[in-house]
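Report on the following structure.
Each reported figure results from applying straightforward, stated rules to the coordinates on display, with no laboratory input. Everything quoted here is computed from the prediction, not taken from an experiment. Every residue, glycine as well, gets a Cβ built from its backbone with ideal geometry; the counts of neighbours run over all protein chains shown.
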2 protein chains.
Amino acid sequence: MDIIKVSANSRTAAVAGAIAGVMREHRHAEVQAIGAGAVNQAVKALVLARGYLEADGIPIFCVPEFVDVEIDGKVRTAVKLIVDPAPETK
Amino acid sequence: MDIIKVSANSRTAAVAGAIAGVMREHRHAEVQAIGAGAVNQAVKALVLARGYLEADGIPIFCVPEFVDVEIDGKVRTAVKLIVDPAPETK
C-alpha cells in the first residue's frame with residue numbers, strides 16, 4: 001500500500017479522494033507531509049475524507065507521528081498521519 | 001473544558017504540555033488552529049503529546065473537523081483536532 005504524499009500545492013479534494021479510496025480498499029492509509037503548507041493540506045483533506053467515508057459507514061480517526069525521510073540526500077522530518085477505522089463504539 | 005488555541009507562533013512543546021495536561025484531567029481535548037502555520041504547530045504538538053501520554057499509559061488518537069469561528073466580526077474556518085483516548089485494543 002502506497003503512502004499518500006501531500007505537498008503544499010496538493011488539491012485537498014484530490015488528496016481526500018485518494019485517502020477515501022485507500023481506506024475503502026485497505027481499511028488503513030498513511031498520509032505524509034513535509035512543511036507547514038503540506039501538513040495543513042493533509043489535515044484539511046482528512047476532514048473531507050472523513051465526510052466521504054462516514055457516508056460509506058467507515059468512520060475514521062488518525063494518529064500523527066514524525067518520520068525521517070531522505071530527499072535529495074538530505075534527511076527531513078515529515079509528519080505522517082496514520083488513518084484507521086474508528087472503533088464500532090464511537 | 002477550554003479549547004486549546006494554537007497559533008503559528010505557539011511553541012510546540014508548550015502546546016503539547018497543554019494537550020497532555022487536559023487529556024490527563026479530562027480524557028478529552030480539543031485543539032483549534034487557523035491557518036497553515038497554526039495547523040502545522042498543532043499537529044506537531046499532538047505528536048509530542050502522544051509521546052508524553054503513551055508514557056502515562058494513555059494512548060491517544062485524533063479526529064479533525066472544520067469549525068467556523070468569528071474573529072473581529074469576521075467568520076473564519078478553523079481546524080479543530082478532537083483528541084480522545086485510543087481504544088484498549090489498539
With unit charges on the beta carbon (Lys/Arg positive, Asp/Glu negative), name the residue among B:G35, B:A78, B:G57 whose Cα is farthest towards the positive pole of the charge dipole of chain B. B:G35
Unit-weight point scatterers at every alpha-carbon of the protein assembly as shown, Debye formula, q = 0.13 1/Å: log10 I(q)/I(0) is -0.62
Can you sort A:V15, A:V6, B:V75 from fewest to most other Cβ atoms within 10 Å of each residue's own Cβ? B:V75, A:V15, A:V6
Entries of A:K74/B:K80; B:K5/B:K74; A:K44/B:K5; A:K80/B:K80 with Cα pairs more than 24 Å apart: A:K74/B:K80
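Using only C-alpha positions, report the orientation-averaged shadow area of the convex hull of chain B, nm², one decimal. All intermediate terms of the calculation are to be shown ahead of the outcome.
Working: hull surface 22.9 nm².
Its average projected convex-hull area is 5.7 nm².
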Once the label point is placed 7 Å from Cα along Cβ, list for B:G57 the distances to the corresponding points in the other copies, in nm, shortest first. 3.7
Relative to the longest principal axis of chain A, what angle (0 to 90°, nearest 10) does the C-alpha long axis of helix A:12-26 take? 60
Of the DSSP beta bridges with both residues in the protein assembly as shown, give the percent that are antiparallel, rounding to the nearest 5. 85
Please work out the C-alpha center-to-center distance from region B:57-90 to region B:24-48 and express it in whole Å. 7
Under a Cβ-only charge scheme (Lys and Arg +1, Asp and Glu -1), can you give me the dipole magnitude of chain B about the Cα centre, in debye to the nearest 20? 280
